[in-house]
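Down below is the structure, laid out as structure tokens.
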Amino acid sequence: MLNKKIKIAVSSCLLGEAVRYDGTDKHIEYITQQLAKEYNLISLCPEMAVGMGVPRLPIHLLDDGYSVQACGIEHPENNQTKPLTDYGRSILDLHPDICGYIFKKNSPSCGTDKVKVFNIKSGEYEQRGQGIYAATIMKALPLLPVIDEEDFLNKRMQVEFLSKVLKYAEVYL
Ligand code: SF4
């Protein structure tokens with residue numbers, strides 16, 4: 001099985017694709033220039049995949065007292081929770097052989113933890129959320145190694161992550 005490169009999914013903006021809401025990227029050269037030599041990197045942008053387009057009005061996580069949703073900051077009626085959740089579920093069928101995921105930190109779609117959540121009751125942001133799309137994938141595949149780009153650039157955490165990816169590939173491919 002391991003004569004092919006192991007697949008790692010990566011948030012598209014980290015690969016230099018200008019898919020952020022404002023038409024910019026968050027390119028991490030180490031990922032495209034070094035990691036890509038050893039791994040098959042799969043570019044995934046959930047907000048583009050669900051048709052939000054570029055440029056787009058930004059969304060944030062909103063806690064209405066019942067649940068946390070991904071909604072437009074200026075237009076809360078622009079609720080993207082279901083599309084982002086559905087797309088997260090579809091990835092399990094589209095890419096059943098990914099062995100790790102590098103997510104963009106702090107995104108209401110891709111963030112793995114401590115994403116800002118606007119609490120309607122208090123009127124304040126709290127750093128306690130998970131991106132809707134990332135949460136869907138992490139819940140469905142709790143053993144899949146995941147990391148955000150900030151932790152990935154920490155050498156010790158990067159080595160740990162890649163070691164988990166290799167083990168995951170050995171078990172599941
Ligand atoms: S953080 Fe996720 S949703 Fe936002 S631009 Fe990057 S890949 Fe797309």
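What the table shows:
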{"quantity": "Failed condition for Lys37, given (1) within 23 Å of Tyr168 (Cα to Cα); (2) touching a residue at least 24 places away in the same chain (Cβ under 8 Å)", "calculated": "(2)"}
{"quantity": "From the options Ala140, Ala134, residue that is hydrophobic (A, V, I, L, M, F, W, C) and within 17 Å of Met48 (Cα to Cα)", "calculated": "Ala134"}
{"quantity": "Of all residues in segment 144-159 being hydrophobic (A, V, I, L, M, F, W, C) and surrounded by fewer than 14 Cβ atoms within 10 Å (Cβ to Cβ), the one that is nearest to the chain's Cα centre (by Cα)", "calculated": "Leu153"}
{"quantity": "Pair list, Cβ under 8 Å, 6 or more apart: segment 107-129 residue closer than 24 Å to Leu44 by Cβ and modelled with pLDDT under 95, other residue within 14 Å of the ligand (Cβ to nearest atom) and of a type outside the set (Asp, Glu)", "calculated": "none"}
{"quantity": "Yes/no for Lys121 being charged (D, E, K, R), part of a loop (DSSP other than H, G, I, E, B) and closer than 17 Å to Val10 by Cβ", "calculated": "no"}
{"quantity": "Filter pass, Lys105 being more than 13 Å from the ligand (Cβ to nearest atom) and either under 16 Å from the mean Cα position of the chain (by Cα) or in a loop (DSSP other than H, G, I, E, B) (or both)", "calculated": "no"}
{"quantity": "Members of segment 41-78 found to be of a type in the set (S, T, N, Q) and either under 16 Å from the mean Cα position of the chain (by Cα) or surrounded by 14 or more Cβ atoms within 10 Å (Cβ to Cβ) (or both), listed by number", "calculated": "Ser43, Gln69, Asn78"}
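Residue-by-condition table, conditions (1) within 16 Å of the ligand (Cβ to nearest atom); (2) assigned to a helix (DSSP H, G or I):
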position: Ala9; (1), (2): yes, no
position: Leu14; (1), (2): yes, yes
position: Arg20; (1), (2): yes, no
position: Ile42; (1), (2): yes, no
position: Leu61; (1), (2): yes, no
position: Gln69; (1), (2): yes, no
position: Glu74; (1), (2): no, no
position: Lys82; (1), (2): yes, yes
position: Gly88; (1), (2): yes, yes
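The values are calculated or read from the model by the stated rules, or taken from the named source; none is laboratory data. Keep in mind that this is a model prediction, so the values were computed, not measured. Glycine also receives a Cβ, built like all others from the backbone with ideal geometry; neighbour counts cover every protein chain displayed.
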